[in-house]
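The values are calculated or read from the model by the stated rules, or taken from the named source; none is laboratory data. Nothing here was measured: the structure is a model prediction, and the numbers come from that model. Positions of Cβ are generated from backbone atoms using ideal geometry, with glycine treated the same way; all protein chains shown enter the neighbour counts.
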């Protein structure tokens, strides 16, 4: 799907060709367009979610290492 935000053209992958039907792609596009109108653009939101997940996992690993070394 392609949309314009702030004068820039952006793209959003809805799924891989052959893995979803045209009907499903259209439904996903309608949902994504609603998100574009209502709030931040979906690619930026996805990047923010991924960064938060990575930070959370890093914090969890550090806590596990601290527990392992502190217990010795």
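So the values come out like this:
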{"quantity": "Identity of the residue in the range 36-65, at pLDDT below 80 and part of a helix (DSSP H, G or I), that ends up surrounded by the most Cβ atoms within 10 Å (Cβ to Cβ)", "calculated": "42"}
{"quantity": "Complete set of residues in the range 1-27 that are surrounded by 10 or more Cβ atoms within 10 Å (Cβ to Cβ) and within 14 Å of the chain's Cα centre (by Cα)", "calculated": "12, 13, 14, 15"}
